[in-house]
Amino acid sequence: MGNVTSSVAAKFAFFPPEPATYEVVREGGGGGRLFMTGVSPDKNVEVHLLETKAGNRIAAAFWRHPLARFTVLYSHGNAADLGQMVDLFLELRAHLRVNIMSYDYSGYGASTGKPSEFNTYYDIEAVYDCLKKEYGIRQEDLILYGQSVGSGPTLHLAARLQKLRGVVLHSAILSGIRVLYPVKVTFWFDIFKNIDKIRQVSCPVLVIHVSPYPLDMEQLMILLIGPMESACGSYPKKSMIHYGSRVVVIAI
């Protein structure tokens, strides 16, 4: 039963665009640098194909800002690939004056393999390793951003890194099973157990969530904030904006 349920949850978690909206090719067709189709050279982006622990090769793009102090490692939602998000990355880079490291999960875009919970963990680990080795990015200068299903790999990495500048969770999920059923406990066969992993995050966290259902939104905030209260102090439960020493939750 557990394997069946987790498999069903996984099917609801991943919807890679088909066909992919871009390709990664080598300049000149030989040993030149990599670039993404649809992105002109003047956009100041460096493209990588990174090998993961699972043996997949994932596409990653580093959008450099000349005056950046910080770098955002962006894990996108479940129904997009890098080609669809180029304009967003350009806007974020310009307005926030940060570097953006973006990537596609295994099975998305130009990345090989199949999407799965553990593959997303291997994917983000490979991207973080690239940031350290290729760009010398320190934890203290890194912000992890996870949207929707991207909150899974984001919290997986955040729970392991104790000196991050911060974490942003945008429309995060509590866990895979909780997307389907209003359960109150975490089952062993669940996927993306974010509600448990967030306890291990020690850096400042911004949680942003949009919902047409105010009651569900309030319940979501309580579930997300509850595990942090021991470390962050009490929260005014009736407020739609919650402040703690390390956590801000905004409902829109």
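Rule-based calculations on the coordinates, nothing more; no lab input. As the structure is a computational prediction, the values presented were derived from the model and not from experiment. So basically every Cβ, Gly included, is an ideal-geometry build from the backbone, and we count neighbours across all protein chains shown.
A few notes on this one:
- Charge dipole (Cα centre; +1 on Lys/Arg Cβ, -1 on Asp/Glu Cβ; no other charges) of the stretch 73-171 amounts to roughly 320 debye.
- Using only alpha-carbon positions in the stretch 56-100, the gyration tensor eigenvalues give semi-axes of 20, 12, 8 Å once each is multiplied by 5 and square-rooted (largest first).
- Spread of Cα-to-Cα distances over 10 Å intervals beginning at zero, given as percent, for the stretch 103-169: 21, 54, 24, 1
- Prolate/oblate/rounded call for the stretch 1-137, Cα gyration tensor, a/c under 1.5 rounded: prolate
- Rh (Kirkwood; distinct C-alpha pairs) - the stretch 64-154, Å: 13.4 Å
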